[in-house]
Amino acid sequence: MKHYILTFLLLWSNLLLANDPIKITATVSRNPVGTGEQFEVSFTVNGNIEKFSPPDFRGFQVLGGPNQSSSVTSINGNTSMSMSLSYVLVAERTGDYTIGPAIIQANGKQLRSNSIRMKVVKGASLPQQGQSGTSGQPDPQVSQAAANVDISKRLFIRAVTNKSNVYQGEQLAVTYKLYTNIELVDNALDKLPDFNGFWSQEIKNNNPNVQWETEILNGTKYSVATLKQIILFPERSGKLTLDPLGMTFLVRVPVPSNDPFEMMFGGSYKDLKRKIKSQPVTINVKPLPEAGKPEGFQGAVGNYSMEAAVDRSELKANESLNYTIKISGSGNLKLLKAPELTLAADIEKYDPKVNDKITETISGVSGNRDFTYLLIPRHEGNYAVAPFKFSYFNPATQRYVTLNSKGFNLKVAKGAPGSNVTAYSGGQQDVKLLAKDIRYIKTDAPKLIRSGEGFNGSPLYYVLLGAGPVLFLFALGYRKWYRENNSDYIAVKSRNANKIANKHLANANKQLQSGDKKLFYEAIYKGLYGYLSDKLNIEAADLNKENITSQLKVKGVKDEFINQLSETIDLCEMARYAPVSGISEKEVFDKAKTIINEIETNA
């Protein structure tokens, strides 16, 4: 199919351009340039290129290329076609240089482009290399080093904090963002950051899909995704460091190629594995001031308000009431300790129930925490519940604040004689009534069993007694078989490859039913590549058609199915960028299933 389409395009373009003279023009994106600055040189042809020979880029390093693009325009019935090949270069030294002509062969003729005189002035210093590029084809080591530098600028993680100078206990937020303008194939989380010295609370994201946004950073446009958002509370003062978040990505980068067939269909590419991590962030944590610190201060930091209430103020002895202290605001609410109450000796107090209504957002932690105490006056009389004091440090005003609740008067009447005693069961249970001091006498007849009529000594008893050793020996044998059958990791991975492929095919069938062609072809593509990676034990970075074909031939798969596999993968790759015709999605789905079944049968 690929060759048929290319042949059609070549014939069509030759007919369109039969009367137009073919010429090649060389241009540069900037002139003059500074040392260390990247620029682009382009060679544009108003027709098809049968053979292309780049010039000698002496005095420049080749960072990338050739990158191919083509366009077809039609104005008032006049159709024209052009093809462009470009290289990304960087100047090495100051001076005057000449980029020689590129040579092409088109319609059986050999043509040369114009030369370009370049002026290089002093600019940024270049990184040291073992040798500089001296020809149109860059040295592989230089190209690889340039690719590393380029990828590091096109894919990285930033840790962004809203504060870098805080007090101990003051909340701050950190957001880990992924910046990329390169194609990502796969990713995996390597290491979550360690927040040593912090109490952390991650902001939950209920959306399972990654939300991408566009952001311009230092003049470069990136697609940005938020990986994690975390609220932090420093637990000690000093210089505290937020450790990096690390991830591994599989990125797809173009590789140089002079094959016009490959350039017509997007060029060649290679999948590279890259480990990246964010830069550590240092937070300066100041200790809370000693001047003005209230007595009984328990470390609350933020901005708060307080309320106190009782659910009843008149009751009888041995009856219960609820005393609730509600602390609202923003700050380290989940670190607030239960208040210490001072009550009369005749009032029994139980540990409080804690009820939280807290919201975590990138702006911080806010809400309220309620402490509900169960109080039981044991004797009649009038009792006073003294006001409660709550102190906190406000980092905005850099001052301590003390809040006072209102007090309550309790009027306790004499309890009824012989009344039940109310008690608190503890934990999160409610109040319950204890029974009388003496339990009721049992009046029903006891159930008696004659000797020898029970389960002990029966045939079933001996059958179950003997079944234990038999089941134990069976379990030992099964464990031995399981270990031997799963000791070879590669074999296990190969056995399970079909299950993984079926999951992707099921997803593809779902997308086919919903009519989403792009996701359908993407699911077929991932299913085939994932299956072949596991089945043939080929790493994702080394998974290409040559390795797949050689491994399948070794395993005895017929050439017919290998060709079908190659055609299906090519079709899925093309469908990701442009609509396909001549074959239905149902036929592609059935062909993928047939290929997998054939490999399972023969490999």
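At a glance:
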{"read-out": "Peptide ranges 273-286, 315-328 listed from the most packed, as the mean C-beta count within 10 angstrom indicates", "value": "315-328, 273-286"}
{"read-out": "Extension gain from Gln398 to Arg252, taking 0.36 nm per residue of separation minus the Cα-Cα distance", "value": "47.4 nm"}
{"read-out": "Segment 148-228, accessible surface, carbon-and-sulfur percent (1.4 angstrom probe)", "value": "43 percent"}
{"read-out": "Inter-label distance, nm, simple model (7 Å from Cα along the C-beta direction), Ala467/Ala344", "value": "6.5 nm"}
{"read-out": "Largest to smallest accessible area among Glu295, Glu202, Glu314 [probe 1.4 Å]", "value": "Glu295, Glu314, Glu202"}
{"read-out": "Too-long pairs where the Cα-Cα distance tops 25 Å, listed order kept, from Lys221/Lys545; Lys526/Lys586; Lys273/Lys553; Lys275/Lys334; Lys239/Lys293; Lys277/Lys517", "value": "Lys221/Lys545; Lys273/Lys553; Lys275/Lys334; Lys277/Lys517"}
{"read-out": "Pairwise label distance in nanometres, Lys517 with Arg483, each label 7 Å out on the Cα-Cβ vector", "value": "5.6 nm"}
{"read-out": "Inter-site label distance for Arg236 and Glu50 at 7 Å from Cα along Cβ, in nm", "value": "7.7 nm"}
{"read-out": "Percent accessible area from carbon and sulfur atoms, segment 294-342, protein chains only, probe 1.4 Å", "value": "39 percent"}
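The values are calculated or read from the model by the stated rules, or taken from the named source; none is laboratory data. In this text, all values refer to a predicted model and were calculated from it rather than measured experimentally. Positions of Cβ are generated from backbone atoms using ideal geometry, with glycine treated the same way; all protein chains shown enter the neighbour counts. Each accessible area value is taken on the protein alone, full model and side chains, heavy atoms only, with ligands, DNA and RNA left out. Shrake-Rupley method; radii C 1.70, N 1.55, O 1.52, S 1.80 Å.
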